[in-house]
Amino acid sequence: FGKVAPGVDRWLANSTFVKEQLRTYMESHSLPSRPVEILPMGWDSFAVSRREDRHGTATALQRSGIVGQPFILFVGTVEPRKNLATLLDVMEDLRRDLGERVPKLIVVGGYGWNAKALAARLRRSPHVRWLTRVRDAELSALYRAALFTVSPSHSEGWGLPVQESVAHGVPCIASTGGAQRESGRGLAVHFDPLN
């Protein structure tokens, strides 16, 4: 990175959070200061027609094995940085206190870095369904059918699941980690990922 930085005329970052991290890194490594522009991920990729909405949702829920069940949705790679273990702890505590009134948790995401223990825990849990291969249209249908989404990550450069949830009109509870406040545009509820 240090060898490339002097040849850069202008940087593009996907969030103010990443822009500030880049500036801090450049200063701490005595690299030349260059303008940094923000180019957030687009909001226009979530449009779904009414016909696709009804048919697609029913098909996606059938394929996922969650027809007629209320559920909470988590979308993200299964890895420690996503803070999924804390979400699983919270869900277990809620289930212990409230029993079957607690909806199932649907986890959508591939197997990530350093995830062996977390993956084993997901597979053991009877109240969690882990979907690893979900097409975009199916994911959109899962968002629309969810009661709400949770994004507990310790840090994100943008927070695409937060943005996707908000864009689908689904309530989102997201941590304050990284750029997740920014990606929620004031439309998500935020919490400390360490609490």
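The values are calculated or read from the model by the stated rules, or taken from the named source; none is laboratory data. This one's a predicted model, so the numbers in the text were calculated from it and none came from an experiment. Methodologically, a virtual Cβ is constructed for each residue, glycine included, from the backbone with ideal geometry; neighbour enumeration extends over all protein chains shown. Side chains included, ligands, DNA and RNA excluded: accessible areas come from the protein's heavy atoms. Shrake-Rupley method; radii C 1.70, N 1.55, O 1.52, S 1.80 Å.
Do we find that Arg81 is surrounded by 15 or more Cβ atoms within 10 Å (Cβ to Cβ), in contact with a strand residue (DSSP E or B) (Cβ under 9 Å, 6 or more places away or on another chain) and modelled with pLDDT under 95 in this structure?
Working: surrounded by 15 or more Cβ atoms within 10 Å (Cβ to Cβ): yes; in contact with a strand residue (DSSP E or B) (Cβ under 9 Å, 6 or more places away or on another chain): no; modelled with pLDDT under 95: yes.
So Arg81 does not fit the description; no.
May I ask you to list pairs of residues, at least six apart or on different chains, whose Cβ atoms are under 7 Å apart, with the first in segment 1-23 being within 16 Å of Gly177 (Cβ to Cβ) and the second being open to solvent by 100 Å² or more (accessible area, probe 1.4 Å)?
Once the first residue is within 16 Å of Gly177 (Cβ to Cβ) and sits in segment 1-23, its partners that are open to solvent by 100 Å² or more (accessible area, probe 1.4 Å) give Asn14/Leu39.
For segment 21-40, name all the residues that are among the basic types (Lys, Arg) and either touching a Leu at 6+ places or on another chain (Cβ under 8 Å) or open to solvent by 80 Å² or more (accessible area, probe 1.4 Å) (or both).
First pass over segment 21-40, keeping only residues among the basic types (Lys, Arg): 23, 34.
Scanning segment 21-40 gives a single hit, Arg23.
Using the structure shown, decide if Ala117 is in a helix (DSSP H, G or I), without any contact (Cβ under 8 Å) to a residue 24 or more places away in the chain and open to solvent by 50 Å² or more (accessible area, probe 1.4 Å). So that I can check it myself, show each step before the final result.
Numbers: in a helix (DSSP H, G or I): yes; without any contact (Cβ under 8 Å) to a residue 24 or more places away in the chain: yes; open to solvent by 50 Å² or more (accessible area, probe 1.4 Å): yes.
Against the criterion (in a helix (DSSP H, G or I), without any contact (Cβ under 8 Å) to a residue 24 or more places away in the chain and open to solvent by 50 Å² or more (accessible area, probe 1.4 Å)), Ala117 qualifies.
Could you please let me know if Val18 is in contact with a Gly (Cβ under 7 Å, 6 or more places away or on another chain), of a type in the set (A, V, I, L, M, F, W, C), at pLDDT below 95 and surrounded by 15 or more Cβ atoms within 10 Å (Cβ to Cβ)?
In short, yes.
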